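See structure below.
Rule-based calculations on the coordinates, nothing more; no lab input. Note that the structure is a prediction, hence the values are computed from the model and not measured. We place every Cβ from the backbone using ideal geometry, glycine too, and count neighbours over all the protein chains shown.
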Amino acid sequence: MGMTMSQKILAAHAGLKEVKAGQLINAKLDLVLANDITGPVAIKEFEKAGAKKVFDKNKVVLVMDHFAPNKDIKSAEQCKICRSFAADKEILNFFDVGKMGIEHALLPEKGLVGAGDLVIGADSHTCTYGALGAFSTGVGSTDMCAGMMSGEAWFKVPAAMKFVLKGKPAKYICGKDIILHIIGLIGVDGALYRSMEFAGDGIKYLNIDDRFTICNMAIEAGAKNGIFPVDGVTREYLQGRYTGEIKEYAADPDAVYDKVYEIDLSALKPTVSFPHLPENAKTEWGNIKIDQVVIGSCTNGHISDLRMAAEILKGRKIANGVRAIIIPATNEIYLQALKEGLIEQFIGAGAVVSTPTCGPCLGGYMGILAAGERCVSTTNRNFVGRMGHVTSEIYLASPYVAAASAVTGRLTSPAEVME
Amino acid sequence: MKVKGKVFKYGNDVDTDVIIPARYLNTSSEKELAEHCMEDIDESFVNEVEAGDIIVAGDNFGCGSSREHAPIAIKASGVSLVIAKSFARIFYRNSINIGLPILECPEAVGAIEKGDVVSCDLGSGTVTDETTGKSFTAEPFPPFIQQIIEDGGLIAHLAKVKK
């Protein structure tokens, strides 16, 4: 029986020729990640277990990104725990303020993840690296701790769903519209426990940032991981970053999928997920007045995302009464945006540009919503209270839609602003 | 292991952001997390919950973030068991790892009402609504998972096994 791409990566890391959906395996990990929220809980467990050292000081990554630069004394204490631990255990990939970026943009950028790798991270959006042809999945702090101690983790081999992407997306359609459309189609538990494997001729129209966005939100459909096949786009991105051996796996022609969906990319329209679940995806929006726009996060803080926003905002002004907050995901992206003149365009339009942080996405800081306020956000979750007050509302959208909405002060399609 | 308590009932897709809002994730203190458990969907929970109480919910309980703080907050608030139609993947694993008993039992979820007193034998998976007298059977965890939960989580379990 054939294997899916995800199953092949798991089999290789478990030292097995073949694995089947549902099988329990123990596998060797290439990388183990935590951040300033999940790290301290894992460190507490590490100490409780009486562990002395991490399995490989090159393969444990700690990124201070959620509440850093620290928003208050308590979060400063959490970062301090991680900082001392990293120093004590000689963890080489400890990313503090100045070196840090939003973890799921930072790790690929630093060449820490490559095709064929197996990665766990104590952050649910760890599934992002599937864009590079890696198997990566989010875990809790205890599993992260066990991985950090042993370099191994047990997995239940996932069954899979296949998404065949066909055709070329229209102007102003990007990875975000594709994944919101898919989550709308299958629901927030539509891929529960399973892999989401992407295939089809439409893939060639998706740049690496589109793929990061799509895999990033696989968890929003309940999936264990999302994954793209390796092609020229992947190889070009990994070139000069990833120094490990690129291991290209492809699904067998007779791989088993629970379900196969065909998605015609050319038919997609700008898509927005309404409150309070990512599955509430709509293409007709009505008149939704807004108070704030956030462009950034591990989902849409990449350079392509900032270019989309700048395309709309160039020479235009943010509407009165709207606060626009733009957050490049890493310092490298920030610098690139600066060189390209994007930051000047943002500030000229009346937006504010922040240092990299997860901040507003999870209601931490840097853009908290008051009661009843509405935000169009390029982030990944629109749950009740996610960005602030329980009566505030989040509309998940692409950078194009977010920027267009910032200009008009209401939920707006990019074409309307650009025409 | 047997548990018994009154029921707090919720719907589908209870996410980890409402179980423990991220604004409280600047601490890993179990006590502080418990003080804000369920706050964004049920303000009265923290005041009404008593040791042994049981949460009953629909599909995809614990969806969203990987924060282990979510099952930790529930456990530290005194809850002895979460029964749901289904659990989100990471929450499911986290609950076992920190020693919070969970059970998937769609029939029980359909029949049990808020405020009912429910007892459960985790070993056999038998759920009894003592208010209505109805009984349900869930698939119990295999003994080694039950042992992890009983020992208070994976790390505590491993420490005990090593001794």
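A few notes on this one:
- Listed peptides A:173-181, A:263-271, B:17-25 by packing density, highest first (mean Cβ within 10 Å): A:173-181, B:17-25, A:263-271
- Between segment B:1-20 and segment A:7-53, the alpha-carbon center distance in angstrom: 28 Å
- Between segment A:281-318 and segment A:324-345, the alpha-carbon center distance in angstrom: 14 Å
- For the protein assembly as shown, Kirkwood radius (reciprocal of mean inverse C-alpha pair distance, Å): 23.8 Å
- Viscosity 1.002 mPa s, temperature 20 °C, Stokes-Einstein D of segment B:1-160 from Kirkwood C-alpha radius, µm²/s: 140 µm²/s
- Net lengthening on full extension, A:I288/A:K99 (0.36 nm per residue, minus Cα-Cα): 64.2 nm
- Pairs from A:K59/A:K110; B:K2/B:K85; A:K48/B:K2; B:K4/B:K162; A:K110/A:K162; B:K75/B:K162 whose Cα-Cα separation, in the structure shown, is over 22 Å: A:K48/B:K2; B:K4/B:K162; A:K110/A:K162; B:K75/B:K162
- Note on A:E236 and A:I347: with the Förster distance fixed at 51 Å, the Cβ-Cβ geometry gives a FRET efficiency of about 0.95.
- Prolate/oblate/rounded call for segment A:5-264, Cα gyration tensor, a/c under 1.5 rounded: prolate
- Number of partner chain Cβ atoms within 10 Å, mean per residue of A:184-197: 3
- Summed side-chain charge close to A:A218 - residues other than A:A218 whose Cβ falls under 12 Å, Lys, Arg +1, Asp, Glu -1: +2
- Counting only other chain Cβ atoms within 10 Å of each residue's Cβ, the peptide A:379-388 averages 5.
- Sum of side-chain charges, A:S141 neighbourhood, beta-carbon under 15 Å (Lys, Arg +1; Asp, Glu -1): -3
- Pairwise Cα distances in segment A:272-418 exceed 21 Å for 34 percent of all pairs.
- Charge context of B:D59, other residues only, Cβ under 14 angstrom, K/R +1, D/E -1: -3
- Relative contact order [Cα under 8 Å, 6+ residues apart], chain B, whole percent: 24 percent
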